[in-house]
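First the structure, in the form of structure tokens, and then the observations on it.
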Amino acid sequence: MIVITTPTGDIGARVLDHVLEAGRDVRLIARNPSSLPDGLSRRVEVVEGSHADPEVIGRALPGAERVFWLPPGNPDSPSAEAAYIEFSLAFCEALGSSSVTHVVGVSALGRGWPKPAGLVTASLQMDDMIADTGVNYCSLACASLMDNILRQAGPIRDDGVFDQPTPGDLKLPHVAKADVAAVAASLLLAPDWRGVAEVSLYGPEDLSFAEMAAIMSAVLDRPVAFREMPMEQFEEMMLAIGASEGMARSYVEMLTAKNEGMDTMAIPRARGETPTTFRQWCEEELRPAIAA
Ligand SMILES: NC(=O)c1ccc[n+]([C@@H]2O[C@H](COP(=O)([O-])OP(=O)(O)OC[C@H]3O[C@@H](n4cnc5c(N)ncnc54)[C@H](OP(=O)(O)O)[C@@H]3O)[C@@H](O)[C@H]2O)c1
């Protein structure tokens, strides 16, 4: 039995598709089962509730061998620690006495960075907490997700611009959510690995936001420009869209670390297969979103 968290989310839904395609028994943890695809509940078990809730975890783990663990990292959580570490506490407390042997978790690139890095630091602490339970644990250390660009589909469509508090010429890794899900599913479906591991997911090429703007312009066949936003303005924007003060500060800390080289540090790391190029992502995901 494979337990999948966040089956209504972008990554979790794709993990679910891969696992169902392989014909495995699946149990979902979902806050809103009514938003799952029609007919799915005939093929899978569904435990209703949040995977942060000890009572829900208590219903979801019996008989399970493997778990796909994704902390949502909600911006309205009081802090990054609450969003990642406290969110995962009940799960970790239940793991030791459960039948679960393998966990694959979504985390972030940045182990070894010497300064605080907000959401990344909290994600890595969550990894350590899961690993400390003694379960076989593989964390997927994701670079920035290409799909973050979709949050700016409106300004890209209406004004031909997108913003980020990052110098336009700084090359950074970006990975597609589809690749993250494919790697997660392959680890869940072939649990021939043991111990604690981190697989870094970088995407196939480092790109600057100026280069990404040029690729978007070509694929969308309309000009798209990148605008660097001051970090203070970014923090105000996060607060204005409902992030807590703690989470807004953690976003700033994380993006500052990325600007200072956290994602491009020369550290030997196990790399996962992440073939989707930014151009391909724009063709498959951005273009339909802009047309919608
Ligand atoms: N953005 C980046 O660049 C980046 C980089 C590295 C790692 N990450 C990690 O990538 C992950 C993002 O995953 P995603 O893109 O699949 O997310 P997503 O599409 O935003 O989906 C979020 C999922 O979490 C569920 N959820 C939200 N709040 C919940 C709660 N309190 N209790 C239970 N479930 C809840 C949602 O369920 P409902 O349908 O009920 O709302 C939904 O299924 C996060 O772990 C993030 O830290 C992101």
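The numbers here are math on the coordinates, done by the rules we state, and not lab data. No experiment lies behind these values; they were computed from the predicted model shown. Backbone-built Cβ (ideal geometry, glycine too); neighbour counts: all protein chains shown.
The set of residues in segment 63-78 that are within 17 Å of M254 (Cβ to Cβ) and either crowded, with 24+ Cβ neighbours inside 10 Å or within 15 Å of the chain's Cα centre (by Cα) (or both) comprises P71, P72, G73, N74, P75.
I need the full set of residues from segment 154-180 which are part of a strand (DSSP E or B), among the hydrophobic types (A, V, I, L, M, F, W, C) and within 14 Å of the ligand (Cβ to nearest atom), in order please.
Correct list: L172, V175.
If you go through segment 223-258 and pick out every residue that is of a type in the set (S, T, Y) and not in a helix (DSSP H, G or I), you end up with 1. Residue-level analysis places I290 outside the set of residues that are of a type in the set (A, V, I, L, M, F, W, C), in contact with a strand residue (DSSP E or B) (Cβ under 8 Å, 6 or more places away or on another chain) and not in a loop (DSSP other than H, G, I, E, B). The condition (being more than 9 Å from the ligand (Cβ to nearest atom), hydrophobic (A, V, I, L, M, F, W, C) and in contact with a helix residue (DSSP H, G or I) (Cβ under 7 Å, 6 or more places away or on another chain)) is satisfied by just one residue among L20, L70, L40, L61: L61. Restricting segment 79-97 to residues that are farther than 20 Å from A197 by Cβ and over 19 Å from the mean Cα position of the chain (by Cα) leaves a set whose member that is farthest from the ligand (Cβ to nearest atom) is S97. Candidates in segment 144-153 are the residues that are in a helix (DSSP H, G or I) and out of contact with any Ser or Thr (no Cβ under 9 Å at 6 or more places or on another chain); of these, the one that is nearest to the ligand (Cβ to nearest atom) is N148.
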